[in-house]
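> Got a structure for you, written out below as structure tokens; questions coming shortly.
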Amino acid sequence: MSSITINHSSGQYNLDEKFVEAFKNSMEDMQVLMAEYRCALMEIETKFKVLNEQFSLHHDRNPIETLKTRLKSPQSILEKLRKKQLEYTAENVEKELFDVAGVRVICPFIDDIYMLCECLLNQDDIRLVRMKDYIKSPKQNGYRSLHLIVEVPIFLQNEKKPMKVEVQLRTIAMDFWASVEHQLRYKKNLPEEVLNDLAFELRECANISSSLDYRMEVIKNRLDL
Ligand code: 0O2
């Protein structure tokens with residue numbers, strides 16, 4: 001059987017041609033799949049932009065402060081598959097990972113989150129796969145957001161393909177908290193005592209931030225915004 005020799009700084013490797021071919025094919029499949037996820041992101045982004053536009057026609061404000069989209073990096077995809085003890089193939093990515101394409105919707109008020117969620121889920125081309133309401137049931141560390149996994153069709157040359165997209169909806173205050181808490185995850189080298197103290201502080205801040213969100217909601221309703 002023919003093989004390909006690879007010279008690398010760590011040594012010389014002989015790779016079976018079949019293996020190289022399979023790897024090349026999976027790279028091509030993966031490129032196609034990532035392009036499809038980009039299309040799905042465009043679909044969901046447009047839906048939220050339309051809802052934002054329509055709402056602002058009837059009210060003197062926008063329910064969306066910021067809209068962000070992201071594709072999971074190949075590195076994070078690989079790590080997530082490895083944790084699940086799965087091979088890096090397009091098929092496994094599609095079947096097993098729900099958060100390759102992500103949309104984050106940041107709203108001024110909690111009401112906006114539920115209004116946008118309802119409007120999105122009422123659209124007849126959207127299928128809800130899973131919902132996790134970390135606003136009604138916050139995580140132990142204080143994390144709050146509404147998470148949806150939805151399926152949206154993309155229309156390709158000869159087919160209609162349903163694609164999964166993760167949607168995270170949160171208020172500005174929840175987003176601020178989540179981004180600071182995210183930094184803590186990368187500070188594993190701090191002494192345990194400091195980490196515990198910071199985690200406690202963050203839980204306190206999450207409570208303060210949540211009560212701020214609810215009080216702002218009351219003001220919004222009194223102002224009929
Ligand atoms: P990244 O880099 O943001 O993508 P699953 O997606 O089903 O495998 P899980 O944990 O069941 O995993 O999903 P869940 O609870 O819906 O949370 C997924 C994402 O929500 C995370 O993605 C974060 O973006 C965000 N998130 C969840 N919990 C926390 C938290 O405690 N703090 C912060 N800051 N963000 C959180 P990733 O893959 O972790 O990271």
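> Mind listing just one residue for me: the one in the range 110-130 that is assigned to a strand (DSSP E or B) and out of contact with any helix residue (DSSP H, G or I) (no Cβ under 8 Å at 6 or more places or on another chain) and, of those, farthest from S179 (Cα to Cα)?
R127
> Can you list residue pairs whose Cβ atoms sit under 6 Å apart, with the first residue in the range 140-152 being more than 17 Å from V105 (Cβ to Cβ) and the second being assigned to a strand (DSSP E or B) and more than 9 Å from the ligand (Cβ to nearest atom)? Count only pairs 6 or more apart in sequence or on different chains.
Filtered contacts from the range 140-152: E151/R127; E151/V129; E151/P162; E151/K164.
> Could we say that I110 is of a type outside the set (D, E, K, R) and in contact with a Lys or Arg (Cβ under 7 Å, 6 or more places away or on another chain) here? Outline the logic, then answer.
Working: of a type outside the set (D, E, K, R): yes; in contact with a Lys or Arg (Cβ under 7 Å, 6 or more places away or on another chain): no.
So I110 does not fit the description; no.
> Filter the range 92-122 down to residues that are more than 30 Å from I219 (Cβ to Cβ) and without any contact (Cβ under 8 Å) to a residue 12 or more places away in the chain and give me whichever is surrounded by the fewest Cβ atoms within 10 Å (Cβ to Cβ). Full working, then the answer.
Taking the range 92-122 and keeping what is more than 30 Å from I219 (Cβ to Cβ), we get 92-102.
Retained after the next criterion (residues that are without any contact (Cβ under 8 Å) to a residue 12 or more places away in the chain): 92, 95.
Working: N92: 16, K95: 11.
Restricting to residues being more than 30 Å from I219 (Cβ to Cβ) and without any contact (Cβ under 8 Å) to a residue 12 or more places away in the chain, the top hit is K95.
> A further question follows. Checking the conditions here, which among A206, A178 is more than 30 Å from R38 (Cβ to Cβ), touching a residue at least 24 places away in the same chain (Cβ under 8 Å) and either part of a helix (DSSP H, G or I) or not β-branched (V, I, T) (or both)? Show your work before the answer.
Numbers: A178 fails: more than 30 Å from R38 (Cβ to Cβ).
After applying the criteria, what remains is A206.
> In addition: With at pLDDT 95 or above, under 26 Å from R203 (Cα atoms) and within 18 Å of the chain's Cα centre (by Cα) as the only criterion, which of K164, K139 stands out?
Being at pLDDT 95 or above, under 26 Å from R203 (Cα atoms) and within 18 Å of the chain's Cα centre (by Cα) holds for just one of K164, K139, which is K139.
> Somewhere in the range 81-104, is a residue β-branched (V, I, T), more than 25 Å from S179 (Cα to Cα) and not in a helix (DSSP H, G or I)? Don't jump to the end; show me each part of the working.
Of all residues in the range 81-104, those β-branched (V, I, T) come to 89, 93, 100, 103.
Filter again for more than 25 Å from S179 (Cα to Cα), leaving 89, 93.
Going one step further and asking which of them are not in a helix (DSSP H, G or I), we end up with 89.
Yes; the residues of the range 81-104 include at least one that is β-branched (V, I, T), more than 25 Å from S179 (Cα to Cα) and not in a helix (DSSP H, G or I).
> Taking the range 175-225 as the search range and keeping residues that are among the aromatic types (F, W, Y) and open to solvent by 90 Å² or more (accessible area, probe 1.4 Å), which one is modelled with the lowest pLDDT?
Y186
> Can you list residue pairs whose Cβ atoms sit under 7 Å apart, with the first residue in the range 34-55 being touching a residue at least 12 places away in the same chain (Cβ under 8 Å) and the second being in a helix (DSSP H, G or I)? Count only pairs 6 or more apart in sequence or on different chains.
Final answer for the pair search is K47/L120; F48/L116; L51/L116; L51/C119.
> State which residue pairs qualify: first residue under 16 Å from N141 (Cα atoms) and inside the range 188-199, second residue modelled with pLDDT of 90 or more and open to solvent by 80 Å² or more (accessible area, probe 1.4 Å) in any location, beta carbons under 7 Å apart, and separation of 6 or more residues or different chains.
Here the result reads none, with nothing in the range 188-199 linked to a residue that is modelled with pLDDT of 90 or more and open to solvent by 80 Å² or more (accessible area, probe 1.4 Å).
> Search the range 134-163 for residues being within 13 Å of the ligand (Cβ to nearest atom) and surrounded by fewer than 10 Cβ atoms within 10 Å (Cβ to Cβ), and hand back the single one that is farthest from M42 (Cα to Cα).
Among those that are within 13 Å of the ligand (Cβ to nearest atom) and surrounded by fewer than 10 Cβ atoms within 10 Å (Cβ to Cβ), it is Q140.
> Taking the options I208, I172, name whichever one is within 16 Å of the ligand (Cβ to nearest atom) and of a type in the set (V, I, T).
I172
> I'd like the full set of residues that are more than 11 Å from the ligand (Cβ to nearest atom), closer than 21 Å to V152 by Cβ and among the aromatic types (F, W, Y), limited to the range 59-101.
If the condition is that a residue be more than 11 Å from the ligand (Cβ to nearest atom), closer than 21 Å to V152 by Cβ and among the aromatic types (F, W, Y), then no residue fits.
> Mind checking whether some residue in the range 146-165 is part of a helix (DSSP H, G or I) and either closer than 28 Å to Q75 by Cβ or among the basic types (K, R) (or both)?
No, the range 146-165 has no match at all.
> While we're here: If I6 passes every condition in (1) within 15 Å of the ligand (Cβ to nearest atom); (2) of a type in the set (V, I, T); (3) open to solvent by 50 Å² or more (accessible area, probe 1.4 Å); (4) at pLDDT below 95 but one, which one does it miss?
(1)
The values are calculated or read from the model by the stated rules, or taken from the named source; none is laboratory data. If you're wondering where the values come from, they're calculated on a predicted model, not measured in any experiment. Every residue, glycine as well, gets a Cβ built from its backbone with ideal geometry; the counts of neighbours run over all protein chains shown. Note: areas computed on protein heavy atoms with side chains; ligands, DNA, RNA excluded. Shrake-Rupley method; radii C 1.70, N 1.55, O 1.52, S 1.80 Å.
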